[in-house]
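What follows is a set of notes on a single structure, which appears directly below.
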Amino acid sequence: MRKNFTRNILAERINIKLGYSKEEAKEFIEFFLNSIKVNITSQKIIKISNLASFKVIKKNERIGRNPKTGKEAIVSERKVINCKFSKHLKYKINKDN
């Protein structure tokens, strides 16, 4: 069975490896994720070395199609976040296989 990697699991690992309490670890994780959220809206690109870069992309309005019914509908203009993982991380994942 596949198990998701959650904030609680990450906090537990920080607790075991670094000795911080789980509450301190959870505060750190929340601070880190909130920093990304706040900065992605203003800076457009965030790069985290050896992990990934996050970029806001503006998508134009377009005509989409419901795959079940085939009915066309307008998909509104929106912003999405694009995540591109670093070559270092991709190499490490493929090296372990």
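The values are calculated or read from the model by the stated rules, or taken from the named source; none is laboratory data. Keep in mind it's a predicted model, so treat the numbers as computed, not measured. Cβ placement follows ideal geometry from the backbone for every residue including glycine, while neighbour counts extend to all protein chains displayed.
Some values worked out for this structure:
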quantity	calculated
Test: residue in the stretch 47-60 that is surrounded by 10 or more Cβ atoms within 10 Å (Cβ to Cβ), among the polar types (S, T, N, Q) and modelled with pLDDT under 90	no
Per-region count, the stretch 21-37, residues farther than 27 Å from LYS92 by Cα, surrounded by 12 or more Cβ atoms within 10 Å (Cβ to Cβ) and not charged (D, E, K, R)	0
Options ILE81, ILE40, ILE14, ILE74: the member that is surrounded by fewer than 11 Cβ atoms within 10 Å (Cβ to Cβ), among the hydrophobic types (A, V, I, L, M, F, W, C) and in contact (Cβ under 8 Å) with a residue 12 or more places away in the chain	ILE74
Filtered residues of the stretch 13-51 (kept if under 28 Å from ILE81 (Cα atoms) and of a type in the set (Lys, Arg))	ARG13, LYS26, LYS37, LYS44, LYS47
Helices (runs of 4 or more DSSP H) contained in the chain and holding at least 3 residues in contact with a Lys or Arg (Cβ under 9 Å, 6 or more places away or on another chain)	7-18, 22-43
In the stretch 1-11, residue surrounded by the most Cβ atoms within 10 Å (Cβ to Cβ) [restricted to those that are more than 17 Å from GLU27 (Cβ to Cβ) and more than 16 Å from the chain's Cα centre (by Cα)]	LYS3
Per-region count, the stretch 52-76, residues within 27 Å of LYS87 (Cβ to Cβ) and among the hydroxyl-bearing types (Ser, Thr, Tyr)	1
